[in-house]
Amino acid sequence: QVQLVESGGGLVQAGGSLRLSCAGSGFIFSINAMDWYRQAPGKQRELIASITSLGATNYADSVKGRFTISRDNAKNTLYLQMNSLKPEDTAVYYCNASPFGRPYWGQGTQVTVSS
């Protein structure tokens, strides 16, 4: 069965950095596009970064230049490097993939940025 497990969240100060990981299993990781979403309290879940099977990337304007999405297919792992963090980055961060025509989600990892 498809499984996505996020990790790496925590409490950091504004201006700090954090790296999130998403371990995938139950599907052929290397041929699937992957995404990072986040959901802040009282807000809609938003797409913040995506990466294709070939490594092409896209970012939401809110994180462009600060966040970097990457993947290590040998480890079946997706990463999100977050730099210059701001309080407005506080949210639960989710990994997403749609290997069989429907979306799968991880349990999420909490990121809290203090000012």
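The values are calculated or read from the model by the stated rules, or taken from the named source; none is laboratory data. Because the structure is a prediction, the values reported are computed rather than measured. Positions of Cβ are generated from backbone atoms using ideal geometry, with glycine treated the same way; all protein chains shown enter the neighbour counts. Ligands, DNA and RNA are stripped out before the accessible areas are found, and what is left, the full protein with its side chains, is counted by its heavy atoms. Shrake-Rupley method; radii C 1.70, N 1.55, O 1.52, S 1.80 Å.
The table that follows gives values for the structure above.
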{"item": "Principal axes of the chain: Cα extent on each, largest first, Å", "result": "40, 25, 22"}
{"item": "Accessible surface, 1.4 Å probe, highest first, among residues V12, V5", "result": "V5, V12"}
{"item": "Proximal lysines to K86, defined as alpha-carbon separation beneath 22 angstrom and excluding residues fewer than eight positions away on the same chain", "result": "K43, K64"}
{"item": "Neighbourhood net charge (14 Å Cβ-Cβ; Lys/Arg +1, Asp/Glu -1) for D35", "result": "+2"}
{"item": "Solvent exposure of the chain as accessible area per residue, Å², 1.4 Å probe", "result": "52"}
